[in-house]
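I have placed the structure first, in the form of structure tokens, so that the comments after it can refer back to it.
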Amino acid sequence: MPSALPEDFSKRDKLAIGILEVQGAFNEHHVALRKAQKCLNIPDLEIIGVRHPDHISDNMDGLIIPGGESTTISLFLKRNKMDEPLRKWINSKGHVTWGTCAGMILLSKQTENQKIGGQPSYNLAEMDIDVSRNFFGRQINSFEAPVKLKQTLFVPADFKNCDTDDIYHGVFIRAPAVVEICSPEVTALATLDRSGSGQTEVIVAVQQGNMLATAFHPELTDDVRWHTHFIEMTCRRTKLKNMDH
């Protein structure tokens, strides 16, 4: 199990992570990041609330796009002229982005089950995945279930708040799912067993380069492995960025 930050990551380095504060459990992400910071013994982590184009800057190393209603979030970004700055930021070397639930939809290049006659959405369209909105049904069909990890997540060596290395307790709220991976650059990190519903395993977490997406809500559990994994990704990308300066 990976259990240490990159050896060349100096504890004097400051890390800045933004959370898009439009909808969703952004406060819970904030709390989970602080727990992960403590687990990883990182003394200097700045958490930035992102609500305006001016908040999107190269000083921010990582960004979390929480859940909510993807169309509402995308319209907010468009109307407030945040969509293009976000695309530029995501594509800049050294920046790491994580979308949860609606955030996964916003990051996907293709989406299915768009509401007929509904508002058009303006996805950031950066990940080579095809995502089905509301794959598991409506709000009333929300559920919790064990998620199978295809790769061991980055966690501190003394982390005890999980049952096994390869299982994660997933909270699914009107959740999407990845129905197709459209590039070999995309790695499936977690799946959900739907054999009882006549389906095969469903992909519910993916990673592509500096982008991470989960269909479920890790911020609503006490298990911070996804947040430590995201911080570790950000630390590594930050080091690469700093080496170019």
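Can you give me the accessible area per residue for the stretch 15-244, using a 1.4 Å probe, in Å²? Mind dumping the intermediate values first?
On the way: 10110 Å² over 230 residues.
For the stretch 15-244, the per-residue accessible area is 44 Å².
If you count, for each residue, the other Cβ atoms within 10 Å and average over each peptide, how do 168-177, 54-63 line up from highest to lowest?
On the way: 168-177: 22.6, 54-63: 17.7.
In decreasing order of mean packing, 168-177, 54-63 become 168-177, 54-63.
Which entries in 78/109; 81/109; 38/88; 14/38; 88/109; 14/35 show an alpha-carbon gap greater than 23 Å? It would help to have the intermediate numbers written out before the result.
Values: 78/109 17 Å; 81/109 20 Å; 38/88 31 Å; 14/38 15 Å; 88/109 15 Å; 14/35 17 Å.
Long pairs (Cα-Cα over 23 Å): 38/88.
Relative contact order for the stretch 15-244 using alpha-carbon pairs under 8 Å, separation at least 6, rounded to a whole percent? It would help to have the intermediate numbers written out before the result.
Values: 490 pairs, mean separation 49.9, N = 230.
So the answer I get is 22 percent.
The values are calculated or read from the model by the stated rules, or taken from the named source; none is laboratory data. All figures in this text were calculated on a predicted structure; none of them were measured in a lab. Because the Cβ atoms are built from the backbone with ideal geometry, glycine has one as well, and the counts that use them run over all protein chains shown. Surface accessibility is based on the protein's heavy atoms, side chains included, excluding ligands, DNA and RNA. Shrake-Rupley method; radii C 1.70, N 1.55, O 1.52, S 1.80 Å.
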